[in-house]
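Report on the following structure.
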Amino acid sequence: MSTSTTQSPGHARLARRSLEVITAHQAASGAYPACPGYEVYRYSWFRDGSFVAEAASRYGATGSADAFHRWCAKVITDRASRIERIIAVRAAGGQPAEADLLPTRYTLDGADTGDVGWWDFQTDGYGTWLWALTEHLRRHGGDPAPYREAIRLTVGYLAATWDLPCYDWWEESKEHRHGATLGAIRGGLAAVGAAGLDTAGRCGPTVTRIDTLVRGQGLYGGGLAKWLGGAAVDASLLACLTPFGSVDPAGPVARATLAAIERDLVEPEGGVHRYLQDVFYGGGQWPVLAGLLGWHYARVGRTGDALRELEWIASRSTADGLLPEQAPGVRLLAPEHLAEWEERWGPNATPLLWSHAMYLILAHELGVSV
Ligand code: BGC
């Protein structure tokens, strides 16, 4: 990596703009909308928001990260009796009704959306939140006391639901158990355990169960598979390597996973597809995933490749420094499906706060100062 490139005014400017986008759109409640101007994304997702808070935390916007984490904690504690009920049903060997399980997104005021059609049952966001919260507390020496009850409930919820099939990071394929979902849950539980915040001693045993299941059913060709028993990869699996560390980021499983993702989903000039069969907006390339890939490259010492992803994301920003969900003007896997999504939901979601967050996290890994 050339320091002069990461210290270029262009990256400092986009990093500042990204922080501005994140903080300007944060609701007074602390919630981050996924994309403020895009009808179906004007809600707050635990998945997106946790990475957004991580970016804010890294670049010193601690008030913003604190407010998001407090919002999440309230969302959880407001649902304490629902969570305890789910835990009790699972402990008795039962299966909670899907509508009782926690959703993936909430209104900015922390209410359920009431939108029965959404692909709601997704557990990864709750694991990602635990991970982002413990990172934030550790980084800034924060007091965990206000979060203890929410952490206890979230750990209990994940320990009770981690092995249920659910929608993946992309809100698809609910009949499967997904490598990236298990990785996010594991990441959150391991982080809580390591921080000494696991009051009920549930994290360690659940992490062990996840590892046993993934080792037994979640590998293909030596690497992680998109879902248990599957033979394909998905770029969300990168998170199992970095940041969640479900497998040794430099070890053989990580190397095989990365090689399969590079082979199937990474474009030579930068940019990453979600998975080969993706048709959403034509199956384009996601700045979020370029950020995740670059983050992993930076962690394993491939700084030149990390910088390529940073440059690629920056090259996809609009003239006023906004980042979309999918990059415009790039190769699509299924171009014949682009129009149907544009007709259904309008042009690609811009600005996507999660895209700005992943740019910031990668910029931070590469030493970009604002
Ligand atoms: C993506 C999710 C994301 C949501 C909000 C969906 O299209 O598949 O990963 O959480 O948008 O950004």
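The values are calculated or read from the model by the stated rules, or taken from the named source; none is laboratory data. In this text, all values refer to a predicted model and were calculated from it rather than measured experimentally. Note that each Cβ is placed from the backbone with ideal geometry, even for glycine, and that neighbours are counted across all protein chains shown. Quick note on the areas: whole protein, heavy atoms, side chains included, nothing else; ligands and nucleic acids left out. Shrake-Rupley method; radii C 1.70, N 1.55, O 1.52, S 1.80 Å.
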Handout entry: Enumeration of residues in the stretch 49-84 that are charged (D, E, K, R) and closer than 16 Å to SER29 by Cα
Key = ASP66, ARG70, LYS74, ASP78
Problem - Residue match in the stretch 242-254 (condition: in a helix (DSSP H, G or I), without any contact (Cβ under 8 Å) to a residue 60 or more places away in the chain and surrounded by 22 or more Cβ atoms within 10 Å (Cβ to Cβ)) - result: yes
Exercise for the section: Scan the stretch 91-101 and give yes if some residue there is of a type in the set (Asp, Glu), within 15 Å of the ligand (Cβ to nearest atom) and open to solvent by 10 Å² or more (accessible area, probe 1.4 Å), otherwise no. Expected result: no
Completion exercise
Sole miss for ALA339 among (1) more than 20 Å from the chain's Cα centre (by Cα); (2) assigned to a helix (DSSP H, G or I); (3) buried (at least 21 other Cβ atoms within 10 Å of the Cβ) is condition (3)
Practice task
Give the residue, chosen from GLU309, GLU325, GLU340, GLU365, that is in contact with a helix residue (DSSP H, G or I) (Cβ under 7 Å, 6 or more places away or on another chain), of a type in the set (D, E, K, R) and within 16 Å of the ligand (Cβ to nearest atom).
Solution key: GLU325
Handout entry: Test: residue in the stretch 189-209 that is within 16 Å of the ligand (Cβ to nearest atom) and among the β-branched types (Val, Ile, Thr)
Key = no
Completion exercise
Over the stretch 36-61, the set of residues among the β-branched types (Val, Ile, Thr) and surrounded by fewer than 24 Cβ atoms within 10 Å (Cβ to Cβ) is VAL40
Practice task
May I ask you to verify whether ILE151 is at pLDDT 95 or above, of a type outside the set (Phe, Trp, Tyr), surrounded by 20 or more Cβ atoms within 10 Å (Cβ to Cβ) and farther than 20 Å from LEU238 by Cβ?
Solution key: yes
